[in-house]
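So the structure is just underneath, and the comments pick up after that.
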Amino acid sequence: MKAAVVTTAGAAPEYQDFSDPQGGQGLQIVDLVASAIHPIVRHKASGEHYSSDGQFPLVPGVDAVARTADGALVYTGEIEAPWGTFAERMAVAMTLPLPDGADPVAVAAGVNPGMSSWMPLTAHADEHGTPDTVMIIGVTGAAGGLAVQNAQALGVRRVIGVGRGVDDLKRVAGLGAETVEIVGDNAADAAAIGAALDGKAPDLVLDFLWGGAAESAFQALAAVPGNSATSYVEIGSAAGEQAAVPASLLRSRPFRLSGSGIGSFDMRRYFSQVAVYVQLITDGKVEVNAQAYPLSRISEAWAAPAGPRPVLVAD
């Protein structure tokens, strides 16, 4: 079959032949409809992601919309290496039927980045009720923009978006978030975040950046008076793998720090929430910015500039 193939760690994928996956033992063969180039796909292809097994060559791709032998459209993922979803065919165990009217490209582009915030948002709502205020650090990326929409879909009253780039922040403001520009200076960024908080700690923080951006947020949170509770969820580490947490913050208020990733989820809850999220996309309550490319144009899609999420579709 034809597939996008990464031959060595860090190499860009190339359109070439790859061995067909095998069905049986609970696996069915499905055909590619759409599969997106998410950041995790690039990280796994580099061999540097914590879930990478170092096996090459491989077919990248972590999730997809596919068509079953009887013609049904399904969302799927968790493909056994060295196969992935950037191929004409894949062997899958998990399938979720798409609702009528679902756009395969939007679903392929939106589920992975959208679920990164949907899971902690809904977990917080289940445990504590819908949060009043959510702060999103790294709001200008695709996942950050979806996090704004996700919070609003759940009924969050106030969303504070922290990120870089005036134009990108204007776009986020258009989604309904209050915005805070950070510049990479710890003291200045902490002051900017603190001014936006205006003396009230957020109920929930969703952090796609970590590193120095998290340290600025910690400094701002530690300066907020009172002892209202804050849950801080680390989702991504675009600004660095390490962040120092001040002891004073941990002692001064109820502060819970956790991470959100596929390894931290109850998978039964995850799959049930995927179905909910696909319906949100289908109903237009969450808008996904995507650009489709034929699988044979993987090189062009892989090199596409920042903007709409590239989605590979069957030729």
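The values are calculated or read from the model by the stated rules, or taken from the named source; none is laboratory data. All values reported here derive from a predicted model rather than from experimental measurement. All Cβ positions, even for glycine, are placed from backbone atoms using ideal geometry, and neighbour counts span all protein chains on display. Each accessible area value is taken on the protein alone, full model and side chains, heavy atoms only, with ligands, DNA and RNA left out. Shrake-Rupley method; radii C 1.70, N 1.55, O 1.52, S 1.80 Å.
Here the gap between Asp53 and Arg157, fully extended at 0.36 nm per residue and compared with their Cα-Cα distance, gives a gain of 33.2 nm. Which one, Ala220, Ala314, Leu250, projects farthest toward the positive side of the charge dipole computed for segment 215-315 from Cβ point charges (K/R +1, D/E -1)? Going by the Cα projections, it comes out as Leu250.
What longest region of the chain stays clear of GluC sites (Glu not before Pro) that DSSP places outside H, G, I, E and B and that have at most 16 other Cβ atoms within 10 Å?
89-240
The angle between the Cα long axis of helix 267-282 and the main principal axis of the chain comes to about 90°, on a 0 to 90 degree scale.
Note on Ser264 and Gln242: their simple-model spin labels are 2.0 nm apart, each label 7 Å out from Cα toward Cβ. Simple rule: put +1 on each Lys or Arg Cβ and -1 on each Asp or Glu Cβ in segment 1-57, find the dipole, and look at Pro21, Ala11, Met1; the Cα lying farthest toward the positive end is Ala11.
With only alpha-carbon atoms in the gyration tensor, what are the semi-axes of the equivalent ellipsoid for segment 1-100, in Å, largest first?
Semi-axis lengths for segment 1-100 are 23, 14, 12 Å.
Using a 1.4 Å probe over the heavy atoms of the protein chains, calculate the carbon and sulfur portion of the accessible area of the chain as a whole percent.
50 percent
The stretch between Ala191 and Asp132, if pulled fully straight at 0.36 nm per residue, gains 19.0 nm over its current Cα-Cα span.
In whole angstrom, how far apart do the alpha carbon centroids of segment 133-177 and segment 253-292 sit? Each part's Cα centre sits 15 Å from the other's. On the principal axes of its alpha carbon atoms, segment 76-191 extends 51, 32, 26 Å, with the longest extent given first.
Given q = 0.18, 0.21 Å⁻¹, what are the Debye log10 I(q)/I(0) values for segment 179-315, with equal point scatterers placed on the Cα positions and solvent ignored? Ignoring solvent entirely, the Cα scatterers give -1.11, -1.21.
Note: the chain, Cα convex hull, 129 Å³ per residue.
Ordering Gly145, Ser117, Pro82 by the projection of their Cα atoms onto the charge dipole of segment 53-145, which places +1 on the Cβ of Lys and Arg and -1 on the Cβ of Asp and Glu, puts Pro82 at the extreme positive end.
A simple rule links phi to the HN-Hα coupling: the Karplus curve 6.51 cos²θ - 1.76 cosθ + 1.60 with θ = phi - 60°, which for segment 147-153 gives 4, 4, 5, 4, 4, 5, 5 Hz, with x for Gly and Pro.
Taking the Cα centre of segment 1-116 as origin and assigning +1 to Lys and Arg Cβ atoms and -1 to Asp and Glu Cβ atoms, the resulting dipole is close to 160 debye. A crude spin-label estimate for the pair His43 and Leu280, with each label 7 Å from Cα along the Cβ direction, gives 2.0 nm. Charge tally for Asn227 (other residues, Cβ to Cβ under 15 Å; Lys, Arg +1; Asp, Glu -1): +3. Residues whose amide H falls under 5 Å from that of Ala11, counting only those 5 or more places apart or on a different chain, are absent, with hydrogens built in the peptide plane. To the nearest ten degrees, helix 104-128 and the longest principal axis of the Cα atoms of the chain are 40 degrees apart. Give the residues of segment 197-220 whose amide nitrogen is closer than 13 Å to a point set 7 Å from the Cα of Ser228 in the direction of its Cβ. Label zone hits: 197-205. Annotation for segment 40-124: chymotrypsin sites (Phe, Trp or Tyr not before Pro) lying in DSSP loop with at most 10 further Cβ atoms inside 10 Å of their Cβ are Tyr50. The long axis of helix 211-222 is offset from the longest Cα principal axis of the chain by roughly 30 degrees.
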